[in-house]
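**Student:** Below you'll find the structure I mean.
The values are calculated or read from the model by the stated rules, or taken from the named source; none is laboratory data. Nothing here was measured: the structure is a model prediction, and the numbers come from that model. Positions of Cβ are generated from backbone atoms using ideal geometry, with glycine treated the same way; all protein chains shown enter the neighbour counts. These area figures cover heavy atoms from the full protein model, side chains too; ligands, DNA and RNA do not enter into them. Shrake-Rupley method; radii C 1.70, N 1.55, O 1.52, S 1.80 Å.
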Amino acid sequence: MRDIRVLLPALTILAACSPAGQSAAQGPLPAPTRAVPASAVALRQSFAPVVRKTAPAVVNISSKRTVRQQVDPFWELFGIGAPRDRVVGSLGSGVIVRPDGVIVTNNHVVEGGQEITVALADRREFPAHVLLADPRTDLAVLKIDAPGGERLPALAINDTGDLQVGDLALAIGNPFGVGQTVTNGIISALNRTADPSGDAASSYIQTDAAINPGNSGGPLVDMNGDIIGINSFILSRSGTSSGVGFAIPSALVKRVVETALGGGHSLVRAWTGARLQSVTPEIARSLGLATPQGALVADIWPGGPAAQAGLRQGDVVTSVDGKPVIEAAGVNYAVSTHRIGDQVRLGVRRGKAEQQLTLRAEAPPSSPARDERVIAGRNPLQGATVVNISPAVADQVGIDPFTNPGVIITAGGQALAAQAGFKPGDIIRAVNGRRVATVHDLLAALADGGRVWQITIERDGQEATGTFQV
């Protein structure tokens with residue numbers, strides 16, 4: 001039986017098959033400052049002081065949205081029933097990070113929510129509005145207004161990067177909607193990623209602290225009571241905690257909060273401007289590397305950050321900001337946590353020589369322009385929202401920034417496009433035999449009309465052509 005990656009709102013659980021997390025970049029361990037308890041008294045010490053500090057800043061979040069419930073087509077033939085609205089709710093957790101009511105949670109807790117309510121630890125409830133929602137990081141920043149400008153309890157974000165495997169951690173949230181709950185465990189692993197190839201800028205903290213549906217968006221805290229991560233998902237065969245939970249690291253959380261407070265509505269991630277490939281044992285042997293660690297530079301974006309830094313195809317990135325690189329995803333993640341304009345130090349092996357390069361963190365380019373359109377007219381793509389692919393769009397929707405130019409569907413709605421089986425993420429490559437490189441090309445091909453259409457799309461790296469009659 002395969003593990004299931006489960007996002008954790010209490011009332012709505014989203015699941016997708018995923019392999020167990022893979023290890024990405026591991027940083028050097030600082031000098032040990034922890035000690036094994038030396039006496040029975042030390043063993044009896046309690047987590048209560050940490051809980052007293054942190055629990056008041058942890059909140060419950062409920063989100064409601066109205067969806068259109070369709071009638072069974074069989075009954076519709078007889079004129080029985082009609083589409084009706086249905087209210088769908090989800091329940092999760094969050095944490096106050098500023099005394100003026102700024103809250104961090106998971107994006108999937110509030111996604112699509114038309115009515116968001118935050119309940120404080122003292123059971124007071126406040127309406128909340130979204131400052132920023134970022135599906136790629138699965139983080140959202142909310143704001144509530146306490147009466148009279150009241151200063152609310154808030155937790156600090158610890159982004160020092162000094163976590164060690166084996167450190168104690170507490171997870172706080174609202175599992176199964178039973179009320180605020182605290183569980184303890186350790187940091188089981190650092191820099192976990194589900195995509196070691198490097199295409200995804202993701203890196204998670206793994207913990208065995210019990211995390212269950214409803215814990216999503218709640219904090220993972222250290223023994224100083226500081227936020228070290230935001231609980232996001234678990235790997236489980238049953239849908240409940242099996243001791244393999246994952247939290248979004250605080251370095252990324254802090255970047256998202258800074259972006260929201262600066263007026264941004266989504267996080268602009270810095271990128272390397274290089275396609276990276278994890279060094280396998282075979283690659284290591286061919287390059288004469290002692291261990292299969294690092295990120296091989298497979299391609300360079302012309303004029304991008306990597307090109308300006310002097311990286312070349314065939315180089316192996318061995319460290320970022322002094323921390324060793326294990327896999328390619330670790331490089332992309334480390335660069336993405338930098339602010340635009342920061343200088344990033346790269347350790348690079350070229351041939352048998354080691355050298356240091358400096359990469360300037362830049363946003364991925366938005367060329368060609370998005371040219372966002374909603375497809376109209378009687379055709380199989382009616383109702384779909386499409387945009388031109390650029391590295392910026394690729395980062396937003398989570399595809400390889402080096403994807404060939406084309407047009408991607410970003411929303412399908414409930415119109416013909418969705419009914420025909422098209423979905424967000426599909427790349428339109430051809431219409432009736434005409435290749436499509438831009439939105440302009442697509443509109444021109446659709447303008448020819450017709451009742452029978454042949455449309456070629458790329459999905460998950462594979463091209464397929466379908467025939468549709470409208």
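**Student:** In the range 447-470, what residues are over 32 Å from the mean Cα position of the chain (by Cα), open to solvent by 20 Å² or more (accessible area, probe 1.4 Å) and on the phi < 0 side of the Ramachandran plot?
**Tutor:** Within the range 447-470, the subset over 32 Å from the mean Cα position of the chain (by Cα) is 447-454, 467-470.
Next, only the ones that are open to solvent by 20 Å² or more (accessible area, probe 1.4 Å) stay: 447-452, 454, 467-470.
Correct list: Ala447, Asp448, Arg451, Val452, Gln454, Thr467, Phe468, Gln469, Val470.
**Student:** Next up: Just for the range 102-140: of the residues that are within 15 Å of Asn174 (Cα to Cα) and among the small types (Gly, Ala, Ser), which one is nearest to the chain's Cα centre (by Cα)?
**Tutor:** Ala119
**Student:** Tell me, yes or no, whether the range 419-427 has at least one residue that is more than 24 Å from Leu267 (Cβ to Cβ) and in contact with an Asp or Glu (Cβ under 9 Å, 6 or more places away or on another chain).
**Tutor:** Yes, there is a match, as at least one residue in the range 419-427 is more than 24 Å from Leu267 (Cβ to Cβ) and in contact with an Asp or Glu (Cβ under 9 Å, 6 or more places away or on another chain).
**Student:** Do the conditions hold for Asn191, that is, is it closer than 30 Å to Ala298 by Cα, of a type outside the set (A, V, I, L, M, F, W, C) and at pLDDT below 90?
**Tutor:** Values: closer than 30 Å to Ala298 by Cα: yes; of a type outside the set (A, V, I, L, M, F, W, C): yes; at pLDDT below 90: yes.
For Asn191, the condition - closer than 30 Å to Ala298 by Cα, of a type outside the set (A, V, I, L, M, F, W, C) and at pLDDT below 90 - is met.
**Student:** On to the next question. Taking Val130 as meeting all but one of (1) open to solvent by 30 Å² or more (accessible area, probe 1.4 Å); (2) of a type in the set (A, V, I, L, M); (3) under 24 Å from Ala48 (Cβ atoms), write down the number of the exception.
**Tutor:** The number of the failed condition is (3).
Residues are listed down the side, and each one gets a yes or a no for (1) assigned to a strand (DSSP E or B); (2) open to solvent by 50 Å² or more (accessible area, probe 1.4 Å):
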{"site": "Ile186", "(1), (2)": "yes, yes"}
{"site": "Asn191", "(1), (2)": "yes, no"}
{"site": "Gly214", "(1), (2)": "no, no"}
{"site": "Ile228", "(1), (2)": "yes, no"}
{"site": "Ala247", "(1), (2)": "yes, no"}
{"site": "Val257", "(1), (2)": "no, no"}
{"site": "Ser286", "(1), (2)": "no, yes"}
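**Student:** Within the range 311-344, can you find the residues that are among the basic types (Lys, Arg) and within 18 Å of Asp299 (Cβ to Cβ)? It would help to see each step written out before you state the result.
**Tutor:** We begin by selecting, within the range 311-344, every residue among the basic types (Lys, Arg); these are 312, 323, 339.
The answer is Arg312, and nothing else.
**Student:** Let me ask something additional. Could you grab the pairs with beta carbons closer than 8 Å, sequence gap of 6+ or different chains, first residue in the range 107-126 and touching a residue at least 12 places away in the same chain (Cβ under 8 Å), second one of a type in the set (Asp, Glu) and in a loop (DSSP other than H, G, I, E, B)?
**Tutor:** Listed by first residue and then by second, the contacts come to Asn107/Asp138; His108/Asp138; Phe126/Asp145.
**Student:** Any residue that is out of contact with any strand residue (DSSP E or B) (no Cβ under 6 Å at 6 or more places or on another chain), surrounded by fewer than 20 Cβ atoms within 10 Å (Cβ to Cβ) and in a strand (DSSP E or B) - is there at least one of those in the range 264-280?
**Tutor:** The answer is no; no qualifying residue exists.
**Student:** Given the condition assigned to a loop (DSSP other than H, G, I, E, B), of a type in the set (Asp, Glu) and surrounded by fewer than 16 Cβ atoms within 10 Å (Cβ to Cβ), answer yes or no: does some residue in the range 426-440 qualify? Break it down into steps so the answer makes sense when it comes.
**Tutor:** Taking the range 426-440 first, the residues assigned to a loop (DSSP other than H, G, I, E, B) are 426, 432-433, 436-438.
With of a type in the set (Asp, Glu) added as a condition, the list becomes 426.
Restricting the remaining residues to those that are surrounded by fewer than 16 Cβ atoms within 10 Å (Cβ to Cβ) gives none.
The answer is no, given that none of the residues of the range 426-440 is assigned to a loop (DSSP other than H, G, I, E, B), of a type in the set (Asp, Glu) and surrounded by fewer than 16 Cβ atoms within 10 Å (Cβ to Cβ).
**Student:** Restricting attention to strands (runs of 3 or more DSSP E) lying wholly within the range 294-410, give those where 3 or more residues are open to solvent by less than 50 Å² (accessible area, probe 1.4 Å) and touching a residue at least 12 places away in the same chain (Cβ under 8 Å). Full working, then the answer.
**Tutor:** Values: elements: 295-300, 316-320, 343-350, 353-360, 385-388.
In the range 294-410, the matching strands (runs of 3 or more DSSP E) lie at 295-300, 316-320, 343-350, 385-388.
**Student:** Shifting gears a bit: Kindly establish whether Thr291 is of a type in the set (Val, Ile, Thr), out of contact with any strand residue (DSSP E or B) (no Cβ under 6 Å at 6 or more places or on another chain), touching a residue at least 12 places away in the same chain (Cβ under 8 Å) and open to solvent by 10 Å² or more (accessible area, probe 1.4 Å). Reasoning before the result, please.
**Tutor:** Details: of a type in the set (Val, Ile, Thr): yes; out of contact with any strand residue (DSSP E or B) (no Cβ under 6 Å at 6 or more places or on another chain): yes; touching a residue at least 12 places away in the same chain (Cβ under 8 Å): no; open to solvent by 10 Å² or more (accessible area, probe 1.4 Å): yes.
No: the conditions fail for Thr291.
**Student:** Just one of the numbered conditions (1) under 16 Å from Ile227 (Cβ atoms); (2) among the hydroxyl-bearing types (Ser, Thr, Tyr); (3) surrounded by 14 or more Cβ atoms within 10 Å (Cβ to Cβ) is not true of Thr117; which one?
**Tutor:** So Thr117 meets the others, but not (1).
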